[in-house]
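The values are calculated or read from the model by the stated rules, or taken from the named source; none is laboratory data. Fair warning: this is a prediction, and the values are worked out from it, not measured in the lab. Here Cβ is always computed from backbone atoms with ideal geometry, including for glycine, and neighbour counts include all displayed protein chains. All accessible areas refer to the heavy atoms of the entire protein, side chains included, with ligands and DNA or RNA removed. Shrake-Rupley method; radii C 1.70, N 1.55, O 1.52, S 1.80 Å.
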Amino acid sequence: MKSELLSAVHTELNIKNKRSNNVVIHGLPSTTGAVGTDLEHVRDFINVEFCNSGFDWDIAACHRLGQRRGNKSGSTASVNAAAILNADGSMRFLPLLVTLRCSQQTKYLVRNARKLRHSTSEYTRLNIFINPDMTVAESKAAYDQRCRRREKLASRRAAVIGGVRQENSSAAALAD
């Protein structure tokens, strides 16, 4: 039992170490062959949005995550192979897994991803997000932590709203 637990922890640490140079970019539109590759598009995007970082961005690789939807014959459509049509008719782009050669650059992108909310591009402000490449266990732990934080925030809001309502009803009783 103890050796199985140690083995699982060791495996998880190895996977985490392999993912330490990766980030996942959600919402970045795909490119067509005439414009360039996703790698060039990501490099240009990062250079524009994080131009004052002082880094010479060294991107080793990038590829889209998830299933690509194709036409009925089974081949993938070339123009928007990385896009999925939502139920409301809007396009959603498959996330990009970007591997950088330096973990410092990866950490910088994740720490400064909030700067995208102040971008000059409206599309970037609303649709593009940069996240770390997490293992399944890390994703579950982060999800559980978000749920606990939201529950705590909701209970605080309910207490404040409840307190305000009580004050208003007692003030109304005094006015009568």
Condition set of a type in the set (A, V, I, L, M) and not in a helix (DSSP H, G or I), scope region 1-54, selection most open to solvent (accessible area, probe 1.4 Å): answer is MET1
Within region 67-117, the residues that are outside any strand (DSSP E or B), modelled with pLDDT under 90 and of a type in the set (A, V, I, L, M) are ALA77, VAL79, ALA81, ALA82, ALA87
Residue set SER155, SER121; condition at pLDDT 90 or above, within 30 Å of ASN47 (Cβ to Cβ), open to solvent by less than 100 Å² (accessible area, probe 1.4 Å) and more than 17 Å from the chain's Cα centre (by Cα); output residue SER121
Reported set for region 132-151 where residues are open to solvent by 100 Å² or more (accessible area, probe 1.4 Å) and closer than 20 Å to ALA8 by Cβ is VAL136, LYS140, TYR143
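Applying the selection to region 114-141, what residues are in contact with a strand residue (DSSP E or B) (Cβ under 9 Å, 6 or more places away or on another chain) and farther than 21 Å from PHE93 by Cα?
Residue satisfying the conditions is GLU138 alone.
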Taking region 96-118 and keeping only residues that are farther than 21 Å from GLY54 by Cα and surrounded by 18 or more Cβ atoms within 10 Å (Cβ to Cβ), one is left with LEU96
Over region 55-66, the set of residues part of a strand (DSSP E or B) and surrounded by 15 or more Cβ atoms within 10 Å (Cβ to Cβ) is ILE59, CYS62, ARG64
